[in-house]
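S.K.: Got a structure for you, questions after.
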Amino acid sequence: MQLYIYFLGTGGSWPSSQRNVSAVAIKRGGEVILFDCGEGTQRQIQKSKLSYMQIKKIFISHYHGDHFLGLPGFIQTLQLNDREEALHIYGPEGTIDIVDRIIHLGFFKPSYEIVAYDLNPGDKIKFDGYEIKCIEACHNVPTLAYCLQENERPGRFNKKRALELGIPEGPLFRKLQKGKSIKIDGKIIVPDMVLGPPRPGRKITISGDTRPCERLIEFARKSDVLIHDATFDSSLQDKANEYGHSTAQQAAEIAKKAEVDNLFLTHISPRYRNAEVLEKEAKNVFPNSKVAKDFMEFEVKLKK
């Protein structure tokens, strides 16, 4: 199954001519999961390859305007496009109340089901083939960092060993590959006899707005992708940390300690018309760093 990250808004605080405010979409097969929904997100989606009708779940990191003010318009636009499927919205404490207020704004009356959930740090929500976990980030209001972790995959199939056990190629191979035991010539063959150790699924971690946060290191450990707050460069480190944000260098230090594969810097301050300075200082610490840009796409591939 293909897994893509679409950066819909990579700026912080307010929209600029270079960047819209926070929104990241993860497309897994035919499902799209949205993380944050800043002002104008629905238009960013329309300009991308995505369909907002595929979005079943939205995870909000916190309730600063640049992370959730796109929700009212997005919710109403779905209705105007004859949405029938339920929309599930998750976020920190207060989400149920805020979503209730949003769906009663003006004369809007939802014709499809909208379900809101308050999450607590440490919660895990299991879905088909993956789970989403959250921890508390280190911001100046209640903020959640999220991790999408796919289920483990079966180990590699040892064809030579299977043939030695007298198993003919075909349907019995497939059963074993799916983790099911088979019976042949009166003998029970269990998957462990022909499969290597389980292989991890893909892992994507999204920091939310945060100053450097030690607990995020273990949370993001061995992620294929870490998307991390990098609001300012190091010359503004004191200001960044005071307001609950990180510099590009600090984001790179987290990525290095967490042993992730790829770091994408986001929540870029509007002061940076050109964010090369951020990418350069991050690369000095963690070479596989990149400043995310609006409409950038990244495929997260399965490891062999």
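S.K.: To the nearest 0.05, what FRET efficiency results for LYS49 and TYR112 with a Förster distance of 25 Å applied to their C-beta separation?
M.R.: Details: r = 24 Å, r/R0 = 0.95.
Taking R0 as 25 Å, the efficiency between LYS49 and TYR112 is 0.60.
S.K.: Could you list the residues of the range 263-304 with an amide nitrogen less than 16 Å from a label point located 7 Å from the Cα of LYS239 in the Cα-to-C-beta direction?
M.R.: Only 268-275, 277-278 fall inside the zone, counting backbone N under 16 Å.
S.K.: Something else about it: Expected output is a single nm value to one decimal: the length gained when fully extending between ASN284 and VAL190, i.e. 0.36 nm times separation in residues minus the C-alpha distance. What is it? Write out the running numbers ahead of the final one.
M.R.: On the way: separation 94, 0.36 × 94 = 33.84 nm, distance 4.89 nm.
Separation in residues times 0.36 nm, less the Cα-Cα distance, equals 28.9 nm.
S.K.: Give me the dipole magnitude in Debye, nearest 20, for the chain about the Cα centre, with unit charges on the beta carbon: positive for Lys and Arg, negative for Asp and Glu. Write out the running numbers ahead of the final one.
M.R.: On the way: 44 positive and 39 negative charges, 328 e Å.
The calculated dipole for the chain is roughly 1580 debye.
S.K.: Spit out the partnerless Cys residues in the chain, using Cβ distances under 4.7 Å as the pairing rule.
M.R.: CYS37, CYS134, CYS147
S.K.: Still on this structure: Before anything else, pin down the relative contact order of the chain: Cα pairs under 8 Å, at least 6 apart, normalised by residue count, whole percent. Let's see the in-between values first.
M.R.: Details: 697 pairs, mean separation 51.4, N = 304.
Averaging sequence separation for qualifying contacts and normalising by length gives 17 percent for the chain.
S.K.: Another question about this same structure. Based on the Cβ-Cβ distance from ARG101 to GLN2, what FRET efficiency comes out when R0 is 41 Å, to the nearest 0.05? Show your work: numbers first, answer last.
M.R.: On the way: r = 37 Å, r/R0 = 0.90.
After rounding, the FRET efficiency stands at 0.65.
S.K.: Once Cα Rg over 2.2 N^0.38 Å is worked out from the coordinates, which option in (i) 1.12; (ii) 1.27; (iii) 1.21 does it equal?
M.R.: Recomputing Cα Rg over 2.2 N^0.38 Å here picks out (i).
S.K.: For the chain, modelled as a Gaussian network with Cα springs under 10 Å, which listed residue fluctuates most, GLY166, GLY91, GLY40?
M.R.: Top of the fluctuation ranking is GLY166.
S.K.: Enumerate the calculated ³J(HN,Hα) couplings along the range 241-255 in order (Karplus 6.51 cos²θ - 1.76 cosθ + 1.60, θ = phi - 60°), each rounded to whole Hz, writing x wherever the residue is Gly or Pro.
M.R.: 5, 4, 9, x, 10, 10, 8, 4, 5, 5, 4, 5, 5, 4, 4
S.K.: Order these by the 10 Å Cβ neighbour count, fewest first: ASP123, ASP209. Before the final figure, lay out each step's value.
M.R.: On the way: ASP123 14, ASP209 27.
In increasing order of surrounding Cβ atoms, one gets ASP123, ASP209.
S.K.: Quote the FRET efficiency, to the nearest 0.05, computed for ASN120 versus ASN151 with a Förster distance R0 of 22 Å and r equal to the Cβ-Cβ distance.
M.R.: Using R0 = 22 Å, I get an efficiency of 0.45.
S.K.: Between their Cα atoms, which of LYS180/LYS304; LYS47/LYS133; LYS27/LYS133; LYS203/LYS293; LYS239/LYS301 are more than 27 Å away from each other? If you can, show how the numbers build up before the last one.
M.R.: Numbers: LYS180/LYS304 22 Å; LYS47/LYS133 29 Å; LYS27/LYS133 17 Å; LYS203/LYS293 21 Å; LYS239/LYS301 37 Å.
Check vs 27 Å cut-off fails for LYS47/LYS133; LYS239/LYS301.
S.K.: What is the spin-label model distance, in nm, from ASN81 to SER16 if the labels are put 7 Å beyond Cα along the C-beta direction?
M.R.: 2.9 nm
S.K.: Here is a follow-up. Expressed as a whole number of Å, what is the distance separating the alpha-carbon centroids of the range 56-104 and the range 1-44?
M.R.: 14 Å
S.K.: Now for a different question. All other residues with a Cβ under 10 Å from the Cβ of ILE206 taken together, and with Lys, Arg as +1 and Asp, Glu as -1, what is their net charge? List each step's numbers first, then the result.
M.R.: On the way: positive: none; negative: ASP36, ASP229.
Surrounding charge for ILE206 is -2.
S.K.: Say each of ARG215 and LYS159 gets a label point 7 Å from the Cα, pointing the same way as Cα to Cβ; how far apart are those two points in nm?
M.R.: About 4.8 nm, to one decimal.
Values quoted throughout were computed directly from the atomic coordinates according to the rules given, and no laboratory measurement underlies them. Just so it is clear, the model here is predicted, and its values are computed rather than measured. Please note: Cβ atoms are built from the backbone with ideal geometry, for glycine as well, and neighbour counts cover all protein chains shown.
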